[in-house]
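K.L.:
Can you read through this structure? Questions will come right after.
The values are calculated or read from the model by the stated rules, or taken from the named source; none is laboratory data. All values reported here derive from a predicted model rather than from experimental measurement. Every residue, glycine among them, receives a Cβ derived from its backbone with ideal geometry; neighbour counts consider all protein chains shown.
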C-alpha cells in the first residue's frame, strides 16, 4: 500500500512538473549580426505546418512565448526593408525545464552554417532584467572571438563552432574565467559562473 502511494505521488509530481509553463526565448543571428528584430518567428507543433503561433518580440530583444514542455518546429522569415529575404525551418526543438534555466529556455538560431551559441548565466539565481555584467569569448591566444549580447537574465555569445575560453566581467570589475568551452554548430549551450 505504501509503495502504491509513493508511486502515485511520484507520477503526480512528474505530471505537475511537465504541466508548468515554460518560457521560450528565441534569438536569431546571421553570423555575428543579431537579426531577431527583422525575423518573424512562428512556432509549430513538431511535424505540423498549420496552426502556428507567432513568437512576439519583447523589449529585451528576444522573441518570447510561454508554452508547455514539448517538441516544436520553428519557421523563421527574415525580412529586410519590408521584403522577405529568406525563409528557413528548424525542426525538433525540445523544450523542457533544463537545470539552471529556471523555466526560461533560450534557443539561438544562426542562419549561417558552422555557427553555435553559448548562453552565460549567474549560478544559483534567476536575474529578472538585463544583467549588470558582461561576457566574451576568447581564442586560445587570448584574442576576442565574440562579445556578448545581453538578454533578459543572461548574455549570449555567438561564434563559429570551436573551443574557446569565456571571460566574465562583473559590475565591480572582477573577472571569472571558464576554460575550454566548446561551441557546437547549430546548438545553444548553457554555462554558469
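K.L.:
Which ones in the stretch 97-110 are touching a residue at least 12 places away in the same chain (Cβ under 8 Å) and surrounded by fewer than 18 Cβ atoms within 10 Å (Cβ to Cβ)?
P.N.:
If the condition is that a residue be touching a residue at least 12 places away in the same chain (Cβ under 8 Å) and surrounded by fewer than 18 Cβ atoms within 10 Å (Cβ to Cβ), then 97, 98, 100, 102, 103 are the ones that fit.
K.L.:
From the list 26, 84, pick out the single residue that is touching a strand residue (DSSP E or B) at 6+ places or on another chain (Cβ under 7 Å), at pLDDT 95 or above and loosely packed, with under 11 Cβ neighbours inside 10 Å.
P.N.:
Among 26, 84, only 84 is touching a strand residue (DSSP E or B) at 6+ places or on another chain (Cβ under 7 Å), at pLDDT 95 or above and loosely packed, with under 11 Cβ neighbours inside 10 Å.
K.L.:
Follow-up question, since we're still on this one. So, in the stretch 87-96, how many residues would count as being buried (at least 16 other Cβ atoms within 10 Å of the Cβ) and either modelled with pLDDT under 85 or closer than 17 Å to residue 22 by Cβ (or both)?
P.N.:
2
K.L.:
Filter the stretch 48-68 down to residues that are farther than 22 Å from residue 96 by Cβ and touching a residue at least 40 places away in the same chain (Cβ under 8 Å) and give me whichever is surrounded by the most Cβ atoms within 10 Å (Cβ to Cβ).
P.N.:
61
K.L.:
Give 104, 71, 128 a once-over and let me know the one that is more than 19 Å from residue 39 (Cα to Cα) and under 12 Å from the mean Cα position of the chain (by Cα).
P.N.:
104
K.L.:
Moving to a separate point now. Count, please, the residues in the stretch 116-159 that happen to be touching a strand residue (DSSP E or B) at 6+ places or on another chain (Cβ under 6 Å) and not in a loop (DSSP other than H, G, I, E, B).
P.N.:
23
K.L.:
Yes or no: the stretch 32-45 includes at least one residue that is under 19 Å from residue 187 (Cα atoms) and touching a helix residue (DSSP H, G or I) at 6+ places or on another chain (Cβ under 9 Å).
P.N.:
no
K.L.:
Here's something else I'd like to know. Just checking, how many residues over the stretch 160-173 are under 14 Å from residue 122 (Cβ atoms) and either in a strand (DSSP E or B) or at pLDDT 95 or above (or both)?
P.N.:
3
K.L.:
A further question follows. So is residue 64 in contact with a helix residue (DSSP H, G or I) (Cβ under 7 Å, 6 or more places away or on another chain), outside any loop (DSSP other than H, G, I, E, B) and either modelled with pLDDT of 95 or more or over 22 Å from residue 118 (Cβ atoms) (or both) or not?
P.N.:
So residue 64 does not fit the description; no.
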